[in-house]
Amino acid sequence: MTLTFPRQILNDRLAECTIDLDPGTEQAVHSRGRRATVSRVREPVWFGTFETPQLMDGDRIAWQSWGKSLRGGLRTFLAWDASRDLPLAYMSDGQMPDDGGSPWDGVATVSSLATPGQIDLTGVPAGYQATAGDRIGLEQEISSRDRYGYFEIMEDATADGSGNLSVTVEPLVPSMFTTAAVAKLYRPLCEFRLVKDSFSAPSRVGYPAVSFQGVQVL
């Protein structure tokens, strides 16, 4: 079997899964009471911190092999935020809302990206509730390579009766994405590269955990 990259993370059973946004800003503090200044020094980027529960030898060895396959960051991996298994409005239900008799798969059509910081969607179940803090992904083949945009919804929004939904997001949608992209509101994927020297999968007595960090690739 041939491995394909970016490679999926092995599973979603993680003791820690934190995917958070670095806004790419720095603050300069001035003396004599002058107001501090904030400037953007790089594009916003997502960082992921992952840790498994304590593992039996077989699972630990599988993770060690997975980590080696990434070649220290030369190859990338895909992950979704396991702490947000479902959009916030549907966590108590334990599944996505009904869509024609079965749970919706979370895939929607992008109708417009014309407004900065906004994603307009169609094909969403009528009355679908997007909540501030939910994550949304865009997937599109660009220059013969699949690209994964990853965003957080900033304010609550509800789909109309025709399945149209507009959400405000951070960070801004990169200009590479178009309405040819597919939107995902259920387990959206972010592409990561291993942070140098962050992968830890110790072979020792007991049941050690595996941990690693990733930085977003666009």
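Just to be sure, is Ser65 under 30 Å from Asp156 (Cα atoms), hydroxyl-bearing (Ser, Thr, Tyr) and not in a strand (DSSP E or B)?
On the way: under 30 Å from Asp156 (Cα atoms): no; hydroxyl-bearing (Ser, Thr, Tyr): yes; not in a strand (DSSP E or B): yes.
Taking the combined requirement at face value, the residue does not satisfy it.
For the range 167-182, indicate whether the set of residues that are hydroxyl-bearing (Ser, Thr, Tyr) and touching a strand residue (DSSP E or B) at 6+ places or on another chain (Cβ under 6 Å) is non-empty. Walk me through how you get there before you give the answer.
Step one: of the range 167-182, the residues hydroxyl-bearing (Ser, Thr, Tyr) are 168, 175, 178-179.
Those left that are additionally touching a strand residue (DSSP E or B) at 6+ places or on another chain (Cβ under 6 Å): 168, 179.
The answer is yes; a qualifying residue exists.
Quick one: in the range 118-164, of everything that is aliphatic (A, V, I, L, M) and assigned to a loop (DSSP other than H, G, I, E, B), which residue is nearest to Val107 (Cα to Cα)? Step through it out loud before you land on a result.
To start, the set of residues in the range 118-164 that are aliphatic (A, V, I, L, M) comprises 119, 121, 124, 126, 130, 132, 136, 138, 142, 153-154, 157, 159.
Restricting the remaining residues to those that are assigned to a loop (DSSP other than H, G, I, E, B) gives 124, 126, 132, 154, 159.
Numbers: Val124: 8, Ala126: 14, Ala132: 19, Met154: 19, Ala159: 14 Å.
Checked the range 118-164; the qualifying residue nearest to Val107 (Cα to Cα) is Val124.
Tell me, which residue of the range 99-115 that is at pLDDT 95 or above and part of a loop (DSSP other than H, G, I, E, B) is nearest to the chain's Cα centre (by Cα)?
Checked the range 99-115; the qualifying residue nearest to the chain's Cα centre (by Cα) is Gly106.
Only one of these conditions is not met by Gly58: (1) part of a loop (DSSP other than H, G, I, E, B); (2) farther than 16 Å from Pro171 by Cα. Which number is it?
Among (1) part of a loop (DSSP other than H, G, I, E, B); (2) farther than 16 Å from Pro171 by Cα, Gly58 violates only (1).
Yes/no per residue for (1) at pLDDT 95 or above; (2) more than 12 Å from Ala79 (Cβ to Cβ); (3) surrounded by 12 or more Cβ atoms within 10 Å (Cβ to Cβ):
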{"residue": "Met1", "(1), (2), (3)": "no, yes, no"}
{"residue": "Leu14", "(1), (2), (3)": "no, no, yes"}
{"residue": "Asp22", "(1), (2), (3)": "no, yes, yes"}
{"residue": "Glu26", "(1), (2), (3)": "no, yes, no"}
{"residue": "Glu51", "(1), (2), (3)": "yes, yes, yes"}
{"residue": "Met56", "(1), (2), (3)": "no, yes, no"}
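Taking interchain pairs and intrachain pairs at least six residues apart, which have beta carbon atoms under 9 angstrom, with the first residue in the range 1-21 and over 28 Å from Pro44 (Cβ atoms) and the second exposed (fewer than 14 other Cβ atoms within 10 Å of the Cβ)?
From the range 1-21, the pairs are Leu3/Ser69; Arg13/Pro53.
Is there a residue in the range 192-207 that is in contact with a helix residue (DSSP H, G or I) (Cβ under 6 Å, 6 or more places away or on another chain), at pLDDT below 95, part of a loop (DSSP other than H, G, I, E, B) and not hydroxyl-bearing (Ser, Thr, Tyr)?
Quick first cut of the range 192-207, residues in contact with a helix residue (DSSP H, G or I) (Cβ under 6 Å, 6 or more places away or on another chain) only: 193-194, 199, 201.
Now drop any that are not at pLDDT below 95, which leaves 201.
After this cut, where a residue has to be part of a loop (DSSP other than H, G, I, E, B) as well, the list is 201.
Now restrict to residues that are not hydroxyl-bearing (Ser, Thr, Tyr): 201.
Yes: the range 192-207 contains one or more residues that are in contact with a helix residue (DSSP H, G or I) (Cβ under 6 Å, 6 or more places away or on another chain), at pLDDT below 95, part of a loop (DSSP other than H, G, I, E, B) and not hydroxyl-bearing (Ser, Thr, Tyr).
For Tyr128, state whether it is out of contact with any Asp or Glu (no Cβ under 7 Å at 6 or more places or on another chain), over 22 Å from Thr4 (Cα atoms) and in contact (Cβ under 8 Å) with a residue 12 or more places away in the chain.
Numbers: out of contact with any Asp or Glu (no Cβ under 7 Å at 6 or more places or on another chain): yes; over 22 Å from Thr4 (Cα atoms): yes; in contact (Cβ under 8 Å) with a residue 12 or more places away in the chain: yes.
For Tyr128, the condition - out of contact with any Asp or Glu (no Cβ under 7 Å at 6 or more places or on another chain), over 22 Å from Thr4 (Cα atoms) and in contact (Cβ under 8 Å) with a residue 12 or more places away in the chain - is met.
The values are calculated or read from the model by the stated rules, or taken from the named source; none is laboratory data. The structure presented is a predicted model; accordingly, all values stated were derived computationally and were not measured. FYI the Cβ positions are ideal-geometry reconstructions off the backbone, even for glycines, and counts take in every protein chain you see.
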